[in-house]
There are 2 protein chains.
Amino acid sequence: MAIMPDRELKKGNAELLILALLEEKTRHGYEIGKLIAARSEGVLRFHVASLYPLLYRLERRGWVKGEWEPAGGRRRRYYRLTPTGRRILAEQRSRWRAFSGAVNRIVEVRHA
Amino acid sequence: MAIMPDRELKKGNAELLILALLEEKTRHGYEIGKLIAARSEGVLRFHVASLYPLLYRLERRGWVKGEWEPAGGRRRRYYRLTPTGRRILAEQRSRWRAFSGAVNRIVEVRHA
DNA sequence: TCGCCATATATGGCTGTACTATATATCTGC
DNA sequence: GCAGATATATAGTACAGCCATATATGGCGA
């Protein structure tokens, strides 16, 4: 509650965020983490310890495909969206719209 | 994934939904559950087994105050928002706006 | 050249929220 | 009188994301 109040809010959205970022181009884990923080202007921050297991999960399900690429003496694993991943992204996008719309209908009631 | 795909999406929003509904007037648990389903047009459904413990939690924290009222031979526990609860509601509303706005900035990128 | 920070990935154990399953009891309409 | 809606209660479970910790490279300043 104190430090990271949105902890629970984020649940169920991490996958959608990652898939959406991979829609544009292939990216590696660390980059994805930084990008989420940047584009959300610091509102959303995923810890690396959440991110990597999440990427493995997505790969295990066949939604993304990772590939090691050397960057100097350092290695990076770049992920790209699979056709299945693209379909799931579309589904999760519409689920998010329905969900956030429903929450807003209840929470944003104009009260005189 | 099959029956209740938003299971994780809902985490962290239940409290906000309940507080928002109690802002209008005092309500009892069962009523709150029905109202969430109705206003969200079936998108959001909280099982009673989630609802009651949640209400106890809110009461334990002093955000709501419950009171037994007989309704015929049946008893109902009506909850009303406390001043603290009202403050928390305002906080959670703005957290939700920030959160959903941030998700939208990442997910709803207009891609040519 | 040595130390520090950012970059980059990996993983075991924990927390907290909502669910499943099950239980009790009253009211209403057929 | 019996089915289904109303109304509340709770023990046990699942699982996403976090904390702590570990390893290793690249670049910058003192």
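Residues that are open to solvent by 60 Å² or more (accessible area, probe 1.4 Å), more than 16 Å from DNA strand C (Cβ to nearest atom) and over 29 Å from B:Gly42 (Cβ atoms): does the stretch A:89-106 have at least one? Within the stretch A:89-106, none of the residues are open to solvent by 60 Å² or more (accessible area, probe 1.4 Å), more than 16 Å from DNA strand C (Cβ to nearest atom) and over 29 Å from B:Gly42 (Cβ atoms). Answer with yes or no whether A:Arg61 is farther than 18 Å from B:Arg110 by Cα, open to solvent by 70 Å² or more (accessible area, probe 1.4 Å), out of contact with any strand residue (DSSP E or B) (no Cβ under 6 Å at 6 or more places or on another chain) and within 11 Å of chain B (Cβ to nearest Cβ). So A:Arg61 fits the description; yes. Among residues of the stretch B:64-90 that are without any contact (Cβ under 8 Å) to a residue 12 or more places away in the chain, those with a beta-carbon under 9 Å from a residue that is among the acidic types (Asp, Glu) and surrounded by fewer than 17 Cβ atoms within 10 Å (Cβ to Cβ) at least six positions away or on a different chain give the pairs B:Arg75/B:Glu69. For the subset of the stretch A:25-84 comprising residues that are among the acidic types (Asp, Glu) and part of a strand (DSSP E or B), which member is farthest from B:Gly101 (Cα to Cα)? This residue is A:Glu69.
With the structure loaded, tell me whether A:Glu24 is open to solvent by 50 Å² or more (accessible area, probe 1.4 Å), within 12 Å of chain B (Cβ to nearest Cβ) and away from DNA strand D (no atom under 11 Å from the Cβ) or whether it fails that test. Answer is yes for this residue. Filtered by the rule that a residue be of a type in the set (Lys, Arg) and within 18 Å of B:Gly33 (Cβ to Cβ), the stretch B:61-86 gives B:Arg74, B:Arg75, B:Arg76, B:Arg77, B:Arg80.
When each of A:Gly29, A:Gly72, A:Gly66, A:Gly42 is tested for being of a type outside the set (Ser, Thr, Tyr), more than 14 Å from chain B (Cβ to nearest Cβ), open to solvent by less than 70 Å² (accessible area, probe 1.4 Å) and within 15 Å of DNA strand D (Cβ to nearest atom), the lone residue that passes is A:Gly29.
The values are calculated or read from the model by the stated rules, or taken from the named source; none is laboratory data. Since this is a predicted model, take the numbers as computed values, not measurements. Glycine also receives a Cβ, built like all others from the backbone with ideal geometry; neighbour counts cover every protein chain displayed. Just so you know, the surface numbers come from the protein's heavy atoms only, side chains and all, with ligands and any DNA or RNA stripped out. Shrake-Rupley method; radii C 1.70, N 1.55, O 1.52, S 1.80 Å.
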